[in-house]
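Have a look at the structure below, then the notes.
Where a number appears in this text, it was derived from the coordinates with a stated rule and is not lab data. What you see is a predicted model, and the numbers here were worked out from it, not measured in a lab.
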Amino acid sequence: MQPYTKHEALRDVKCSVESCHFNDCDGRCTASEIEVSPCSGSGCEGTLCATFVDKTKCDDCF
């Protein structure tokens, strides 16, 4: 997976984390794939999505 590349929204994958880079503002996930797991220091506190990328810290990701 290219970690910061957005794709077409994943069918039936909803995202309520508005601060995630992959949230398309309509509540859908645009990551190429997702990993759901307990987080351990990866910046995804408060969510069970290990794919989470804080969009406020992602200006230089691309």
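Under 5 Å between amide hydrogens, which residues at least 5 positions from C49 or on another chain qualify, with H placed 1.01 Å from N in the peptide plane?
Distant-sequence amide H within range of C49: S37.
Amide H neighbours of R28 under 5 Å, at least 5 residues apart or on other chains, H built in the peptide plane: list them.
Residues meeting the amide H criterion: C15.
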